[in-house]
Amino acid sequence: MKPLIGITSDLDQNGETLVQSNYSRAILRAGGLPVVLPAGLEDIEEICERLDGLLLTGGEDVNPLVYGEEPHQKLGKLSPERDNMELKLTRCMTGKDKPVLGICRGHQVLNVAFGGTIHQHIYSNIPGELLQHKQQADREFATHSIDIVDDSKLAEIAGTSEIQVNSLHHQAVNQITSPLVVTAVAKDGIIEALESTEHRFVMSVQWHPEALANRQDRTSLRLFEQFINACNKA
């Protein structure tokens, strides 16, 4: 039986559930059964019990109040309802040691769920010359390189210490707390990947592997395959 993977979603301007189909395609391609979770769902414990894995997707900014900060002037659109559900569900899933994969916003949500913080606007918060992290190319194309930490799950998946990724964000992970560790950084120092040292499979990436997978990017395909493999063992 295919593992059941919950995929978090956004709300459009009319309050309708919105999620890019690339996420479901990537889960299906890797052997999982995707189910979209509308923002604001309740009964978190029951949902958590039924899921074999959780995919935290990209989207709008995380409300800084949930990690103890006031809003920066260049903070983007928020979805407090989504924040509340995703943080509760992430903590429930990780508490049961069920696999979690975070992508872009999901990378940041995972960090906040464990007590970390976010750079609300990297071009204001981080000194020095930064790369272009909101690329002008289509999201299916990689536009900058990242360095991967040796002996990490990501290094095992990638099979190399450097890969190229796409980039579509203005925020980034700032402070992290145990059991999360940094497993990849961009050439300008932006944190590009995290993983837990205390769970079977809890990982997150700042880029969008679901889009790169459409062009048969090896690391992206293997990332989803390893995620689903871990969900099969849940």
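Looking across segment 173-182, the residues that are surrounded by fewer than 23 Cβ atoms within 10 Å (Cβ to Cβ) and not in a loop (DSSP other than H, G, I, E, B) come down to Val181, Val182. Filtering Gly40, Gly6, Gly31 for residues that are over 29 Å from Thr177 (Cβ atoms) and in contact (Cβ under 8 Å) with a residue 40 or more places away in the chain leaves a single hit, Gly31.
Determine which member of the set Val149, Val100 is within 23 Å of Ala230 (Cα to Cα), in contact with a Ser or Thr (Cβ under 8 Å, 6 or more places away or on another chain), surrounded by fewer than 18 Cβ atoms within 10 Å (Cβ to Cβ) and of a type in the set (A, V, I, L, M, F, W, C).
Details: Val100 fails: surrounded by fewer than 18 Cβ atoms within 10 Å (Cβ to Cβ).
After applying the criteria, what remains is Val149.
Do you know which of the residues in segment 12-23 that are in contact with a strand residue (DSSP E or B) (Cβ under 7 Å, 6 or more places away or on another chain) and crowded, with 18+ Cβ neighbours inside 10 Å is modelled with the lowest pLDDT? My answer is Val19.
Being without any contact (Cβ under 8 Å) to a residue 60 or more places away in the chain, closer than 17 Å to Gln175 by Cβ and surrounded by fewer than 21 Cβ atoms within 10 Å (Cβ to Cβ) holds for only one residue in His119, His144, and it is His119.
From the residues in segment 24-62 that are among the small types (Gly, Ala, Ser) and part of a helix (DSSP H, G or I), which one is surrounded by the fewest Cβ atoms within 10 Å (Cβ to Cβ)? Among them, the one singled out is Ser24. Whenever a residue of segment 63-74 is surrounded by 12 or more Cβ atoms within 10 Å (Cβ to Cβ), its partners that are at pLDDT 95 or above and part of a helix (DSSP H, G or I), lying with C-beta atoms within less than 7 angstrom and at least six residues away or across chains, give the pairs Asn63/Asp83; Val66/Asp83; Val66/Leu87; Val66/Val112; Tyr67/Val112; Pro71/Pro64; His72/Ser124; Lys74/Ser124.
When the residues of segment 190-228 are narrowed to those that are within 18 Å of Met93 (Cβ to Cβ) and of a type in the set (S, T, N, Q), which ends up surrounded by the most Cβ atoms within 10 Å (Cβ to Cβ)? Among those residues, the one meeting the criterion is Ser204. When each of Glu81, Glu86 is tested for being modelled with pLDDT under 95, in a helix (DSSP H, G or I) and among the acidic types (Asp, Glu), the lone residue that passes is Glu81. Scan segment 1-52 for residues that are of a type in the set (Val, Ile, Thr) and within 17 Å of Ala230 (Cβ to Cβ) and the total you get is 3. Residues that are of a type outside the set (Phe, Trp, Tyr), buried (at least 17 other Cβ atoms within 10 Å of the Cβ) and either without any contact (Cβ under 8 Å) to a residue 60 or more places away in the chain or assigned to a loop (DSSP other than H, G, I, E, B) (or both) are absent from segment 122-130.
Closer than 27 Å to Glu60 by Cα and either among the charged types (D, E, K, R) or within 13 Å of the chain's Cα centre (by Cα) (or both): does that describe Arg222? Here the answer is yes, as Arg222 does meet what is asked.
The values are calculated or read from the model by the stated rules, or taken from the named source; none is laboratory data. This one's a predicted model, so the numbers in the text were calculated from it and none came from an experiment. So basically every Cβ, Gly included, is an ideal-geometry build from the backbone, and we count neighbours across all protein chains shown.
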